[in-house]
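S.K.: Can you read through this structure? Questions will come right after.
The values are calculated or read from the model by the stated rules, or taken from the named source; none is laboratory data. The model shown is predicted, which means the values in this text are computed figures rather than measured ones. Cβ coordinates were reconstructed from backbone atoms using ideal geometry, including for glycine residues, and neighbour counts include every protein chain displayed. Note: areas computed on protein heavy atoms with side chains; ligands, DNA, RNA excluded. Shrake-Rupley method; radii C 1.70, N 1.55, O 1.52, S 1.80 Å.
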Amino acid sequence: QVQLVESGGGSVQAGGSLRLSCAASGRTFSRDGMAWFRRAGGKEREFVAAISWNSDWTYYTDSVKGRFTISRDNAKNTVYLQMNSLKPEDTAVYFCAADVMSIGSRAAADYDYWGQGTQVTVSS
């Protein structure tokens, strides 16, 4: 069974940091584009960051550039999202996703596998 399991969410004050992890199992994701999306209460799912299979290419939504860093460890079948200088508007459920045998993209429809999400809450 293919699974993506996120961890590392929690509650922090504004200006704090969190590191999310997404552990994949059931197949190797080393040739897949990986991404993080988020959904805040009552809002549409939003693209956050993506990374190509070999880490040569990364892309971020404007609101997190300079604060968030996506990375991956293919040997561990794991992708990470380091989040610094967190703001209350970053509060959301964060999901990781895999774009099978592709570079990854900003479009949620391109992704084949999704995790269940992890809650991030940033208080002011």
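S.K.: Please give the number of the condition TRP53 fails out of (1) assigned to a loop (DSSP other than H, G, I, E, B); (2) touching a residue at least 60 places away in the same chain (Cβ under 8 Å); (3) buried (at least 17 other Cβ atoms within 10 Å of the Cβ).
M.R.: Status for TRP53: all satisfied but (2).
S.K.: Condition first: assigned to a strand (DSSP E or B) and farther than 20 Å from ALA108 by Cα. Now tell me which residues in the range 8-45 satisfy that.
M.R.: Result: GLY10, SER11, VAL12, GLN13, LEU18, ARG19, SER25.
S.K.: Report, ordered by the first and then the second residue, all pairs with beta carbons closer than 7 Å, sequence separation of six or more or different chains, a first member in the range 104-124 that is open to solvent by less than 30 Å² (accessible area, probe 1.4 Å), and a second member that is of a type in the set (Ser, Thr, Tyr).
M.R.: So the pair list comes out as GLY104/SER52; GLY117/TYR94; THR118/SER7; THR118/TYR94; VAL120/THR91; VAL120/TYR94; VAL122/THR91.
S.K.: Still on this structure: Got at least one residue in the range 85-95 being of a type in the set (A, V, I, L, M), assigned to a loop (DSSP other than H, G, I, E, B) and surrounded by fewer than 22 Cβ atoms within 10 Å (Cβ to Cβ)?
M.R.: No, every residue in the range 85-95 fails to be of a type in the set (A, V, I, L, M), assigned to a loop (DSSP other than H, G, I, E, B) and surrounded by fewer than 22 Cβ atoms within 10 Å (Cβ to Cβ).
S.K.: So, one more: What's the total number of residues in the range 1-39 that are under 11 Å from the mean Cα position of the chain (by Cα), closer than 11 Å to MET83 by Cβ and either open to solvent by less than 30 Å² (accessible area, probe 1.4 Å) or modelled with pLDDT under 95 (or both)?
M.R.: 3
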